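Below is one structure, written out as structure tokens; the observations come after it.
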């Protein structure tokens, strides 16, 4: 049966959305639905935790290809696809369905104009590399753009991603950042030449515990950590925002995306999150990108780059009095950014160890097996031990570092984090 949308026109961009049922994916599909003359979804990929939503997305977009990481979700997905197609008056229509982690990687390499990677976690590294390889000359998606919302893939596989991007035409041509902070920087950089940049300034909301002391943070509960003041996000990202690990990852990401040393990437606390980040130039001028807290603008810009998508999101209301605050980061209460600077400067597998250990610690915290402050404390210990661990490679270039090195370092970090957490839990009894 004919898909619900027509084939791409010359003015339409073919879009592959990875992580389509997550927050970024859902917003990306909203942007596509609002601008059908500019975008057409050709493939979707998701973990499989919400097969009903994935099925509805497939039918609504007419995606010809659907990948689901969890093979156990396939029967439910097929049932929901049939149900959604009937409800839409398209009984009998169905996309190609593939399952497994490799299926998501293959979806990332399908012919497309834009691949949006909205997957959460370092599992997004392989799809990032696949999308960039496909975008290289002679690839299935030659010339395609990677709209990167999966910061972890760049953080843990930095040299690998940089090398793959170079083969696809260079970081500034093959990759556009979708994180609001890095999208803001990319926009501000249009205001000057690269050699004129003095520093980048990432803004941070400060999370739900802005102004809290280290001692007060000891008793933070799961519910408190998930109560972000400005955004409704998933539990992992919300926890990372509360510990400021997320900001630490963003510092490393900015260093890699824009090629500036770690000491020229600063963080300032800005609770209102209207200014998404800033670039300071050599003459003292600072350019800032401002808009109400929303991911719609950076998502739309990622899909349409370098062009803007009209009416993508709300603008600032200049008719209303408002105050914007800026304050320095408290590194003593929130040491995650300082630690991230260290691993980012070390390079190699160090950022991957940092990220993997954090993912294990966040999982333990959300399950009630460890305290809030032990998250970063444990990550710091694992990072320190990794420097002398025989199973952790320390290469810092793409020639020295392999994907197997990164995965092995992650496995070691996860196992060691679980050991440290287990010892903490035993000692607390």
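For region 320-335, the count of residues that are at pLDDT 95 or above and buried (at least 23 other Cβ atoms within 10 Å of the Cβ) is nonzero. A single entry from 330, 317 fulfils the requirement of being closer than 20 Å to residue 204 by Cβ and over 23 Å from the mean Cα position of the chain (by Cα): 330. Residue check: residue 273 meets all listed conditions (1) over 20 Å from residue 212 (Cβ atoms); (2) touching a strand residue (DSSP E or B) at 6+ places or on another chain (Cβ under 9 Å) but one, namely (1).
Of the strands (runs of 3 or more DSSP E) lying entirely inside region 107-212, the ones with 2 or more residues being surrounded by fewer than 20 Cβ atoms within 10 Å (Cβ to Cβ) and modelled with pLDDT of 95 or more are found at 197-204. Give 352, 302 a once-over and let me know the one that is in a helix (DSSP H, G or I) and farther than 23 Å from residue 276 by Cβ. None of the other options fit; the residue is 352.
The set of residues in region 147-191 being in contact (Cβ under 8 Å) with a residue 24 or more places away in the chain and on the phi > 0 side of the Ramachandran plot consists of 169 alone. Looking only at region 5-45, residues that are farther than 12 Å from residue 116 by Cα, at pLDDT 95 or above and within 15 Å of the chain's Cα centre (by Cα) come to 1 in all. Just one residue in the set 362, 309 is within 30 Å of residue 37 (Cα to Cα) and at pLDDT 95 or above; that residue is 309. In region 83-99, the residues that are on the phi > 0 side of the Ramachandran plot reach residues that are at pLDDT below 95 and not in a helix (DSSP H, G or I) with C-beta atoms within less than 7 angstrom, at least six apart or across chains, in these pairs: 92/1. Taken over region 44-83, the criterion of being under 17 Å from residue 33 (Cα atoms) and not in a loop (DSSP other than H, G, I, E, B) is satisfied by 44, 53, 54, 55, 56, 57, 58, 59, 60, 61.
The values are calculated or read from the model by the stated rules, or taken from the named source; none is laboratory data. These figures come from a predicted structure and were not determined experimentally. All Cβ positions, even for glycine, are placed from backbone atoms using ideal geometry, and neighbour counts span all protein chains on display.
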